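Okay, so here's the structure we're looking at.
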2 protein chains.
Amino acid sequence: MSRSIPRCLGVLGGMGPLAGAQFAARVVQLTPASCDQEHIPLLLCNDPRVPDRSTAWVGGGLSPLPAMMRGIAMLQDDGADCIAIPCNTAHLWFDQLQAATSARLLHIVEAVVVDLRRQGIDQGAIGILGTRATLETGLYQRYLAQSGYEPVVPTAPDAVADCAESIAAVKGGRVDQAFAPLARAIASLERAGARAVALGCTELPLALPHVRRAEFDVVLTDSMDALALQAVETFYPRTAIPRKNLGTQA
Amino acid sequence: MSRSIPRCLGVLGGMGPLAGAQFAARVVQLTPASCDQEHIPLLLCNDPRVPDRSTAWVGGGLSPLPAMMRGIAMLQDDGADCIAIPCNTAHLWFDQLQAATSARLLHIVEAVVVDLRRQGIDQGAIGILGTRATLETGLYQRYLAQSGYEPVVPTAPDAVADCAESIAAVKGGRVDQAFAPLARAIASLERAGARAVALGCTELPLALPHVRRAEFDVVLTDSMDALALQAVETFYPRTAIPRKNLGTQA
């Protein structure tokens with residue numbers, strides 16, 4: 001990477017709000033700093049009034065694009081020269097957003113591919129969980145196939161419903177009800193042959209505390225942490241962050 | 001409270017960075033919303049380059065005031081009409097900050113007094129833990145005395161050192177080393193007669209996970225959660241938030 005090191009990380013959050021705030025916390029937790037002043041300057045726009053991304057794609061609801069463009073313009077005006085969007089579905093509009101700003105946008109699915117390699121997974125079947133829009137539009141499938149993986153999406157109606165139920169529980173503030181359906185969806189992809197499963201919606205990592213991830217036989221790649229690591233490595237390009245640090249969620 | 005309900009919460013964070021990000025997450029977790037769009041629009045300025053607040057008061061280091069004023073001006077320009085500062089020591093400059101903005105600033109020590117009453121503590125000895133500057137300037141002592149409480153500060157050199165050690169461990173990314181010294185400092189205040197202890201530095205709640213708070217006999221009031229609750233109640237003025245919801249930290 002020959003680009004210059006950015007100075008301020010913008011976070012276009014609010015999609016959902018807990019994911020946006022938790023992403024900011026994960027960036028801090030994963031930064032190799034020993035005092036306040038060594039941390040990455042970060043601006044978070046956590047405006048949850050952005051129209052629902054999945055509804056817009058699947059059901060023709062209001063487009064979230066104008067609100068997302070306003071958020072990115074505000075972050076850039078305030079000094080952010082690198083921007084992360086901790087919402088997978090929002091990446092369906094990635095090209096339009098990048099075309100509208102000179103700030104560097106980090107791509108969450110690229111970050112997941114980097115994280116798979118970081119975890120030693122270079123090939124094979126990768127399960128994908130996410131919103132209906134993320135799954136149906138092939139957002140992950142395209143990137144994974146281009147990178148030499150074989151994408152596996154949930155096909156059983158139960159697995160699709162389980163994934164949606166987990167996401168809705170997190171968005172509705174019922175995080176304790178989000179674990180069981182997600183665990184079933186992961187197990188379903190494992191039975192379908194996946195050697196790793198991508199938590200391809202930033203609500204899903206919130207459903208699955210780090211301390212419980214060792215219960216799964218399959219490798220998990222968490223799109224929120226993957227994007228946070230990508231951000232930290234962009235600001236600290238010479239730092240290899242050990243995987244063991246990933247479990248330090250407060 | 002006859003003031004109008006604000007539209008957007010600004011958070012002047014970065015002091016420290018984990019406290020700023022975690023505060024944003026606590027506001028989301030404590031908001032009685034059932035979908036993304038019902039949450040409070042929130043902007044977080046998490047710029048950790050603000051000069052150290054304690055050093056400025058105690059040792060005559062660079063003043064943090066100009067950086068804090070720039071952050072507040074930016075938040076207000078971006079639409080924030082109510083601003084929270086999740087850093088106790090920063091409140092030593094509260095009057096100057098409030099004088100420089102027409103946005104409503106929430107005061108963290110007032111929020112702690114409200115939280116004591118919410119927990120049924122109307123009088124008696126209240127222990128205070130915080131940075132050296134917070135303790136020596138009497139920030140808490142003044143508010144507590146005005147509100148009918150008897151403030152108790154750590155006097156044993158060990159207790160003062162324990163508190164400082166816990167704060168430094170959180171700021172240095174060694175959260176696992178922050179619990180033991182904090183537990184000793186709390187026990188010391190309890191022996192000195194405190195019936196409740198205020199975690200009067202926003203690093204301290206990060207040292208003490210909610211699930212471990214039941215281990216203490218003394219009532220704890222957490223300045224981060226107290227300020228988050230104050231913010232939520234400002235945006236949802238008719239909502240009484242049950243104390244049981246306070247334990248839902250992700």
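Using a cutoff of 8 angstrom between alpha carbon atoms and counting only pairs six or more residues apart, the relative contact order for the range B:109-223 works out to 31 percent. Taking the DSSP bridge list for the protein assembly as shown and keeping only pairs wholly inside it, about 10 percent are antiparallel. Ligands, DNA and RNA are left out, and with a 1.4 angstrom probe the accessible area of the range A:109-223 is 41 Å² per residue.
When you restrict to C-alpha pairs under 8 Å that are six or more residues apart and normalise by the size of chain A, the relative contact order lands at 22 percent. Rounded to the nearest 20 debye, the dipole magnitude of the range B:1-158 is 100 debye, with +1 charges on Lys and Arg beta carbons, -1 on Asp and Glu beta carbons, and the Cα centre as origin.
Closest approach of any chain B Cβ to the axis that rotates B onto A belongs to B:L44, 2, distance given in whole Å.
For B:A125, the residues whose modelled amide H falls within less than 5 Å of its own, excluding neighbours fewer than 5 places apart on the same chain, are B:E150, B:R195.
For B:V58, the label point sits 7 Å beyond Cα toward Cβ; its separations from the matching points on the remaining copies run 5.4 nm, from shortest to longest.
Counting, for every residue in B:66-77, the Cβ atoms of other protein chains within 10 Å of its Cβ and taking the mean gives 1. Within 10 Å of the Cβ of each residue in B:27-35, the mean number of Cβ atoms contributed by other protein chains is 5. Within 10 Å of the Cβ of each residue in B:200-207, the mean number of Cβ atoms contributed by other protein chains is 1.
Rolling a 1.4 angstrom probe over the range B:109-223 with all protein chains present gives an accessible area of which 51% lies on carbon and sulfur atoms. With θ taken as phi - 60° and the Karplus curve 6.51 cos²θ - 1.76 cosθ + 1.60 applied, the whole-hertz 3J(HN,Hα) list for the range B:78-95 is 7, x, 6, 10, 8, 10, 10, 10, x, 8, 5, 4, 4, 5, 5, 9, 4, 5 Hz, x standing for glycine and proline. Report note on the peptides A:195-202, B:32-39: ranked by the mean count of other C-beta atoms within 10 Å, highest first, their order is A:195-202, B:32-39. Each part gets one Cα centre, and for the range B:43-88 versus the range B:132-193 those centres are 23 Å apart. What quantity of accessible surface, computed with a 1.4 Å probe and excluding non-protein components, is buried in total between chains B and A, in Å² to the nearest 100? Summing both chains' loss of accessible area gives about 2800 Å². In chain A, helices alone account for a calculated mean residue ellipticity at 222 nm of -13000 deg cm²/dmol, with every DSSP H run of four or more residues adding -39,500 (n - 2.57).
For the listed peptides B:18-24, B:213-219, a ranking on the average number of other beta carbons within 10 Å per residue, highest first, reads B:18-24, B:213-219. Projecting label points 7 angstrom from Cα along Cα→Cβ for B:A180 and A:H210 puts them 2.1 nm apart. Cβ-Cβ distance of B:Q146 and B:V218, R₀ of 22 Å, FRET efficiency by 1/(1 + (r/R0)^6): the value works out to about 0.50. Each 10 Å bin from zero holds the following percent of Cα-Cα pairs in the protein assembly as shown: 4, 20, 30, 26, 14, 5, 1. In this assembly of identical copies, the label point of A:G124 (Cα plus 7 Å along Cα-to-Cβ) is separated from its counterparts by 5.7 nm, sorted shortest first.
Across the identical copies, the label point of B:P32 (7 Å from Cα in the Cβ direction) is separated from its matches by 4.7 nm, in order from shortest.
The values are calculated or read from the model by the stated rules, or taken from the named source; none is laboratory data. Please read all numbers here as calculations on a predicted model, not as lab measurements. Note that we place each Cβ from the backbone using ideal geometry, even for glycine, and neighbour counts take in every protein chain shown. Remember, those area values only see protein heavy atoms, side chains included, never the ligands or the DNA or RNA. Shrake-Rupley method; radii C 1.70, N 1.55, O 1.52, S 1.80 Å.
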